[in-house]
Amino acid sequence: MNVHDSEKVIGTLRERGYLQVPTAEEAGLVLYNTCSIRDKAEQKVFNKLQNFKKGAKKGNQVFGVLGCVAQQEGEKIFDRAPHVSLVVGSASYTKFPELLVQIEQGGRRVTGLSLDTDEAFDTPYTRRDNPYRAFVTIIEGCDKNCSYCVVPFTRGPERSRTADSVIDEVRRLADLGYTEITLLGQNVNSYRDPSPKGWDFADCLEQVGLVNGIRRVRFTTSHPRDFTKSIVEAIDATPSLCNHIHLPVQSGSNRILDGMQRLYTREQYLERIGWMKAAKRPMAITTDIIVGFPGETDQDIADTLALLDEVQYDAIFNFKYSPRPNTPALVLGDQIPEEEKGRRHMQVQERQRMIQIQNNANYVGETYEVHAEFFNLATGQWVGKTTQHKTVNFSHPGGQGAQLQGQYLDVLVTRSGPVSLVGEAVGEAVGEAA
Ligand code: 5AD
Ligand code: SF4
């Protein structure tokens with residue numbers, strides 16, 4: 001989401017005649033886009049701004065802070081980093097062009113910090129770096145209140161884009177040669193078309209998958225409470241919808257899920273996993289896990305490990321709980337020491353590594369369609385993804401000169417490891433070289 005915000009901001013700037021330069025030192029305007037989901041994001045931003053300060057002293061650079069840290073810290077940023085002139089939160093990018101005019105006119109302490117926008121940030125000028133894979137935002141903000149999460153405070157309430165504007169953008173992208181689309185939102189499952197059409201997420205997903213020229217559609221991220229069986233049915237019915245679902249569980253313990261205010265139980269979560277496992281094409285399933293939430297016991301971690309065994313995830317993102325400003329969990333007692341969080345993190349990583357080693361071994365000897373991304377000079381192999389989002393490193397007789405980036409081709413998997421597969425191209429490449 002954050003990367004795509006940058007693509008939109010860059011597009012808006014270019015439209016106004018700005019040019020991108022390779023380094024911050026060469027720039028007249030330096031914008032720092034920030035994410036505050038975990039870690040000491042605020043501190044990192046201020047350290048970075050300190051480094052930038054040299055340019056500001058000479059009076060030849062204008063600085064801005066964008067994104068979630070901007071929203072969170074607000075005008076305090078001007079006090080701590082007086083060389084900053086612009087502070088814009090992630091819910092206020094729609095106002096970005098007006099704010100830019102104020103900056104161009106010499107404005108100091110220009111802010112866009114309101115959360116009460118009812119529009120999603122959409123611009124016709126998005127500047128995408130990747131020529132064949134594109135992010136498309138369908139919903140912004142979040143109406144959930146997970147007790148550890150800063151997003152509702154930094155990105156504001158949910159706003160869905162109209163179905164027509166989503167489909168128009170995907171058609172435009174297909175016409176430009178894009179073949180893979182990732183639909184984005186903090187919680188795509190609560191997408192609801194605000195126009196009279198009233199599509200829900202499954203409708204939107206299916207219709208995006210039917211756009212001519214689009215070969216792969218992914219989406220992120222889902223919330224189990226709002227995840228419907230109709231999503232799996234849409235994937236079953238539409239070959240271009242990738243057979244991969246990322247469904248963050250956060251914990252395998254009902255006690256912790258309750259403390260996290262996740263609004264589902266382990267059993268309800270597993271019911272959704274059951275729908276996916278019954279899908280026609282074998283579905284890759286991935287998740288997010290937080291270890292060390294306040295009050296988490298050895299038994300709770302054992303429940304999480306047992307859940308990993310039961311679901312047999314294809315991959316997980318495993319985070320140590322990070323206290324975030326304003327969130328309800330901040331004031332909970334029984335915070336887990338960092339060292340113990342580290343131990344639990346390792347335990348989860350190790351268990352999942354074993355699962356992935358076994359799971360990935362099942363792919364050896366089979367042929368899969370791979371979307372080639374880039375040539376890895378170090379290994380002399382191409383790197384791409386299957387529809388299940390497995391990374392495949394593969395050799396091709398043409399080597400780097402084969403110019404496969406953006407193309408689809410069949411690859412026979414010959415070896416597997418915990419995080420990726422190795423194989424050989426066995427078919428003709430399909431699609432235009434990027
Ligand atoms: N601490 C640790 N992980 C977090 N996440 C969100 N907030 C926190 C936090 N305070 C993780 C969740 C979420 C992912 C995007 O980031 O697992 O699904
Ligand atoms: Fe944060 Fe929960 Fe919303 Fe996800 S669903 S963005 S974890 S509040």
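Where a number appears in this text, it was derived from the coordinates with a stated rule and is not lab data. Model, not experiment: these values are computed from the prediction. Note that we place each Cβ from the backbone using ideal geometry, even for glycine, and neighbour counts take in every protein chain shown.
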_Alpha carbon centroid spacing (whole Å) that separates the range 53-100 from the range 397-418_ = 43 Å
*Under a Cβ-Cβ limit of 4.7 Å, which cysteines in the chain have nobody to pair with?*
35, 68, 142, 204, 242
_Charge tally in the Cβ shell below 12 Å around residue 102, where Lys, Arg are +1 and Asp, Glu are -1, residue 102 excluded_ = +1
_With both bridge residues required to lie in the chain, what share of the DSSP beta bridges run antiparallel, to the nearest 5%?_
40 percent
_Checking the cross-link filter: which lysines have an alpha carbon closer than 20 Å to that of residue 341, excluding same-chain neighbours under 8 positions apart?_
40, 320
*Over the alpha carbons of the range 238-331, what is the largest minus smallest coordinate on each principal axis, giving the biggest first in Å?*
47, 27, 21
_Place a point 7 Å from the Cα of residue 39 along the Cα-to-Cβ direction; which residues of the range 296-329 have their backbone N under 18 Å from it?_
317-325
*Let me know the Kirkwood hydrodynamic radius for the range 133-361, please, with Cα pairs as the basis and the value in Å to one decimal.*
18.6 Å
*Within the range 267-338, list the trypsin sites (Lys or Arg not before Pro) lying in a DSSP loop whose Cβ has at most 12 other Cβ atoms in a 10 Å radius.*
280
_Antiparallel %, DSSP beta bridges [both residues in the range 367-425], to 5_ = 85 percent
*Provide the FRET efficiency to the nearest 0.05 for the residue 125-residue 229 pair, computing r from the beta carbons and using R0 = 35 Å.*
0.40
*Which distance in Å, rounded to a whole number, links the C-alpha centroids of the range 231-299 and the range 167-230?*
19 Å
*Could you work out the Kirkwood radius for the range 2-112, taking every pair of different alpha carbons, averaging 1/r and inverting it, reported in Å?*
14.0 Å
*Of the trypsin sites (Lys or Arg not before Pro) in the range 76-142, those whose Cβ has at most 15 other Cβ within 10 Å and which sit in DSSP loop*: 108, 109
*Add +1 for every Lys or Arg and -1 for every Asp or Glu among the other residues with Cβ under 12 Å from the Cβ of residue 351, and state the total.*
-1
*Along each of the three principal axes of the Cα atoms of the range 285-434, give the extent in whole Å, ordering the values from largest to smallest.*
60, 32, 24
*Under 17 Å from a point 7 Å along the Cα-to-Cβ line of residue 340: which residues of the range 148-163 have their amide N that close?*
none
*asked:* Taking just the alpha carbons, could you work out the radius of gyration and Dmax for the chain, both in angstroms?
replied: 22.6, 63
*Loop only per DSSP, at most 14 neighbouring Cβ atoms within 10 Å: give me the GluC sites (Glu not before Pro) in the range 1-109, ordered by residue number.*
75
_Helix-derived mean residue ellipticity, 222 nm - over the chain, DSSP H n ≥ 4, -39500 (n - 2.57), to 500_ = -10000 deg cm²/dmol
